[in-house]
Amino acid sequence: MRSDHAKVRSELSRLSKQNKLTAAYTVAVASNPKSALHACFEWDDKIAGVKYRLEQARELISSFEITVRVEHRNVEVQEFVHHPHKSKTGGGYVGTVELRDQPDAARDFVQGQLQIAEAYVRKAADFATVLKVEGETRDLADRLRTLRARVSEAAA
């Protein structure tokens, strides 16, 4: 799936300016083999079907939540999460409760979640800067980085 980045960006910008930039409309436009967007998609339904079912499986696995009693309070969390050590070897999920019994993996999982949170906060801070609605978002990202370092140090 090769595409010309500049042409794809131009086409997406055109759709945006027409207030038509939706996933469904983008696929509709891309279905035309002459569209700059066409090469960005998998059009072989056998391949696309398998990829879509894998995505459905990920959504299914991630859709379950459990309530865990921790120190006299209930905490609601996702029931199955990516195992941080299996993810490096092709993926795999583990029950959150089972992960508790694997201290190194549990620490690595929490660090990964903090890293994701930090990335989202930094992204929000960048948007806030561009959109001129800055607040304390940059400071929050720095605090998340510090917390992630403390989690790492506590395990050492």
Checklist entry - What are the lysines whose alpha-carbon lies under 22 Å from the alpha-carbon of K86, with same-chain residues fewer than 8 places away excluded? => result K51
Item to check | Relative exposure of K34, K20, judged by other C-beta atoms within 10 Å (fewest first) | outcome: K34, K20
Checklist entry - Got a sec? How would T67, T137 order by Cβ neighbour count within 10 Å, fewest to most? => result T67, T137
Checklist entry - So how many Å³ per residue does the convex hull of the Cα atoms of the chain work out to? => result 192 Å³
Checklist outcome for this item: Whole-Hz Karplus couplings 3J(HN,Hα) for segment 50-62, θ = phi - 60° and coefficients 6.51, -1.76, 1.60, Gly and Pro as x, run 5, 4, 5, 5, 5, 5, 4, 4, 4, 5, 4, 4, 7
Checklist entry - Which ordering of H38, H5 is given by a fewest-first count of other beta-carbon atoms within 10 Å? => result H5, H38
Checklist outcome for this item: Ranking T146, V121, L60 by how far each Cα lies towards the positive end of the charge dipole of the chain (+1 on Lys and Arg Cβ, -1 on Asp and Glu Cβ), the top one is V121
Item to check | E79 long-range amide H proximity, modeled H, under 5 Å | outcome: F64, E65, I66
Checklist entry - Quick one: Karplus J couplings for segment 103-112, per residue in order, coefficients 6.51, -1.76, 1.60, θ = phi - 60°, nearest Hz, x for Gly and Pro? => result x, 5, 5, 4, 4, 5, 5, 4, 4, x
Item to check | Helix-derived mean residue ellipticity, 222 nm - over the chain, DSSP H n ≥ 4, -39500 (n - 2.57), to 500 | outcome: -19000 deg cm²/dmol
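Every read-out reported here was derived from the displayed coordinates using simple, explicitly stated rules and does not represent laboratory data. Keep in mind the model is a prediction, meaning the values are calculated, not measured. We place every Cβ from the backbone using ideal geometry, glycine too, and count neighbours over all the protein chains shown.
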